[in-house]
Amino acid sequence: MSTASDPMLFHPVIDEVLTRHREALGHDDRTYRHHVYRCANYQRALLGGDLPDAAALAWAVHDLGIWTAGTFDYLAPSAALGERLASGFGIADTALVRTLVLDHHGLRARADPLVETFRVADRIDVSRGLLRGGVDAEFVRQVVELFPYLGFHRFLLNSGLRHAVRHPLRPLPMLRW
């Protein structure tokens with residue numbers, strides 16, 4: 001049994017959702033899978049314990065709308081996907097799944113500890129561990145070693161620039177207050 005300080009290698013909800021959407025992810029499958037597992041590990045460390053299935057589902061779908069809906073304005077499609085999948089995993093609290101996804105790029109802290117640690121965990125990964133939010137640098141290194149970036153940040157930059165050119169008045173639609 002691993003602890004929150006040991007990197008998690010597998011979660012059945014994450015793996016099932018990502019397997020179902022492997023075709024939509026295409027050549028980005030491993031890159032996205034690694035991002036999801038890095039974030040899930042950071043949240044486990046922040047929580048100091050196991051990851052609830054609702055959070056695992058939210059991690060699996062949190063950016064998936066980029067591929068399934070074909071848009072960089074992906075929060076709503078990603079949240080809707082999580083809501084649709086929840087009952088199949090025995091997750092009754094679809095509002096929590098929706099909130100985790102919709103608030104994960106929030107610029108301000110959230111009162112709910114699960115929502116806040118989700119937000120901080122994504123920030124740790126997007127910042128390549130520069131903004132660690134209390135997670136040990138050695139743990140970040142171990143997680144990245146197990147789940148390398150594989151061009152994740154280049155993908156973010158390229159996707160963001162393409163979207164900004166087409167939508168200059170709303171260049172970062174995923175940011176929330």
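The values are calculated or read from the model by the stated rules, or taken from the named source; none is laboratory data. Given the structure is predicted, the values throughout are model-derived calculations rather than measurements. Positions of Cβ are generated from backbone atoms using ideal geometry, with glycine treated the same way; all protein chains shown enter the neighbour counts. Just so you know, the surface numbers come from the protein's heavy atoms only, side chains and all, with ligands and any DNA or RNA stripped out. Shrake-Rupley method; radii C 1.70, N 1.55, O 1.52, S 1.80 Å.
Couple of notes before you dig in:
- Solvent exposure, largest accessible area first (probe 1.4 Å, DNA, RNA and ligands not counted), of SER127, SER5, SER78: SER5, SER127, SER78
- VAL17 contributes an accessible area of around 0 Å² to the protein surface, as traced by a 1.4 Å probe with all chains present.
- Among the chymotrypsin sites (Phe, Trp or Tyr not before Pro) found in region 4-105, those both in a DSSP coil and sparsely packed, with 11 or fewer other Cβ atoms within 10 Å of their Cβ, are PHE10.
- Among LEU57, LEU102, LEU131, the sequence by solvent-accessible area, most first, with a 1.4 Å probe is LEU131, LEU102, LEU57.
- Separation of alpha-carbon centers, region 92-115 and region 61-79, rounded to whole Å: 16
- Of HIS105, ALA92, HIS62, farthest towards positive along the dipole that unit charges on Lys, Arg, Asp, Glu beta carbons give region 46-154: HIS105
- Note on region 1-69: with charges restricted to the Cβ of Lys and Arg (+1) and Asp and Glu (-1), its dipole about the Cα centre is near 120 debye.
- The label point for SER127 and the one for ALA92, both projected 7 Å from the Cα toward the Cβ, are 3.7 nm apart.
- Theoretical FRET efficiency, 1/(1+(r/R0)^6), r = Cβ-Cβ of LEU9 and ALA109, R0 35 Å, to 0.05: 0.70
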